[in-house]
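These notes concern the structure reproduced below.
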Amino acid sequence: MTRKKGAAEAPLFFLDIFLRKKVTPLRPIQLSPRLQAVAGCVPPGARFVDVGTDHAYLPAYLLQQGVIDHAVASDLRQGPLERARETARRYGLGERISFRLCDGLSGVSPEEAQAVAIAGMGGETIIAILAAAPWTRLGERRLILQPMSTLPELRAWLQGHGYAIRRELLRQEGHTIYTILDVMPGEMPPLSPAECWAGRQETGRGDPLRSALLEHLQKRVERALGGIAHSDRPEDVPWRRELEEVLTGVKAMRKELEACTP
Ligand SMILES: C[S@@+](CC[C@H](N)C(=O)[O-])C[C@H]1O[C@@H](n2cnc3c(N)ncnc32)[C@H](O)[C@@H]1O
């Protein structure tokens, strides 16, 4: 005999839905290719800080995947930090992320930061954050930097201030190619003007996106040169010289890359 759900059973019915909802495992966090590449540079077990965390997807992903045990998530603004707290709550990671409302690394101690990600910000902001925390150029530390702009200035600044770029990764999202810099304290051989723009070219196993990146950079430099071609302002002279040097270097890199592409 089947029974209709009576009034007495209704609360049990809702309790069952509630419990089921509670125990349903949350889906794994999916990162964009750009953030996935940043995550891939974080050494397992590192005390990790995500500067400018916004939604905290990066630390949440690393915790969920068991790459790290604990993270500091910092942001300059209250709104993004609230979003970060919300992500941590949703994925049950609230106890394992420490939230800091601060400018850059100002609210973080060196001991908490074996690996630091600064992603999705302008190169100038990244420089300002590192310059204000000179301890980042000391010890066994990994800095994973993903600038949205001003890459030539950032590479040159790193080289001149006690940081070494270990490797560079490229990732494409839509029409944009993002560069991820994997950096450590230390010395690196000087970069030429073209290398400041395009990164050092690895011989042999190049990144599959390198060719597209160089083509894009060449067009950018040619456009910039076109803009000052007829300028007789004295301040444009060194800029024109630098751009010409970059153009020559980038063309040589493209040639070298073509020569070793099968
Ligand atoms: C575009 S979001 C990037 C979020 C995430 N890191 C990513 O790559 O997807 C930039 C975040 O950096 C924060 N931010 C900007 N300047 C900052 C600073 N000086 N210190 C800390 N956070 C900063 C902003 O509030 C914002 O939440």
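Conditions tested, residue by residue: (1) of a type outside the set (Ser, Thr, Tyr); (2) assigned to a helix (DSSP H, G or I); (3) over 17 Å from residue 118 (Cα atoms).
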| site | (1), (2), (3) |
| --- | --- |
| 59 | yes, yes, no |
| 69 | yes, no, yes |
| 83 | yes, yes, yes |
| 86 | yes, yes, yes |
Please state which one of 51, 108 is under 14 Å from the mean Cα position of the chain (by Cα), within 11 Å of the ligand (Cβ to nearest atom) and touching a residue at least 40 places away in the same chain (Cβ under 8 Å). 51
Residues located in the stretch 114-124, provided they are touching a residue at least 60 places away in the same chain (Cβ under 8 Å) and under 15 Å from the mean Cα position of the chain (by Cα): 115, 116, 117, 118, 119, 120, 121
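Condition check ((1) touching a helix residue (DSSP H, G or I) at 6+ places or on another chain (Cβ under 9 Å); (2) among the charged types (D, E, K, R); (3) surrounded by 14 or more Cβ atoms within 10 Å (Cβ to Cβ); (4) under 15 Å from residue 243 (Cα atoms)) across all residues:
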| residue | (1), (2), (3), (4) |
| --- | --- |
| 136 | yes, no, yes, no |
| 142 | no, yes, yes, no |
| 154 | yes, no, yes, no |
| 158 | yes, no, yes, no |
| 178 | yes, no, yes, no |
| 183 | yes, no, yes, no |
| 194 | yes, no, yes, yes |
Those residues that are assigned to a helix (DSSP H, G or I) and either under 23 Å from the mean Cα position of the chain (by Cα) or hydrophobic (A, V, I, L, M, F, W, C) (or both), I need them from the stretch 205-222; list them, please. 210, 211, 212, 213, 214, 215, 216, 217, 220, 221
Do we have any residue at all in the stretch 241-251 that's surrounded by 14 or more Cβ atoms within 10 Å (Cβ to Cβ), in contact with a Leu (Cβ under 8 Å, 6 or more places away or on another chain), closer than 30 Å to residue 51 by Cα and in contact (Cβ under 8 Å) with a residue 40 or more places away in the chain? no
With the structure loaded, tell me whether residue 92 is over 19 Å from the mean Cα position of the chain (by Cα) and either within 13 Å of the ligand (Cβ to nearest atom) or under 23 Å from residue 182 (Cβ atoms) (or both) or whether it fails that test. no
Would you mind telling me which numbered condition in (1) assigned by TED's automatic domain parsing to the domain that holds residue 41; (2) surrounded by 14 or more Cβ atoms within 10 Å (Cβ to Cβ); (3) basic (Lys, Arg) residue 167 fails? (2)
Which one of 127, 118 is farther than 25 Å from residue 60 by Cβ and within 16 Å of the ligand (Cβ to nearest atom)? 127
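The values are calculated or read from the model by the stated rules, or taken from the named source; none is laboratory data. Bear in mind that the values here come from a model prediction, so they are computed numbers and not experimental data. FYI the Cβ positions are ideal-geometry reconstructions off the backbone, even for glycines, and counts take in every protein chain you see.
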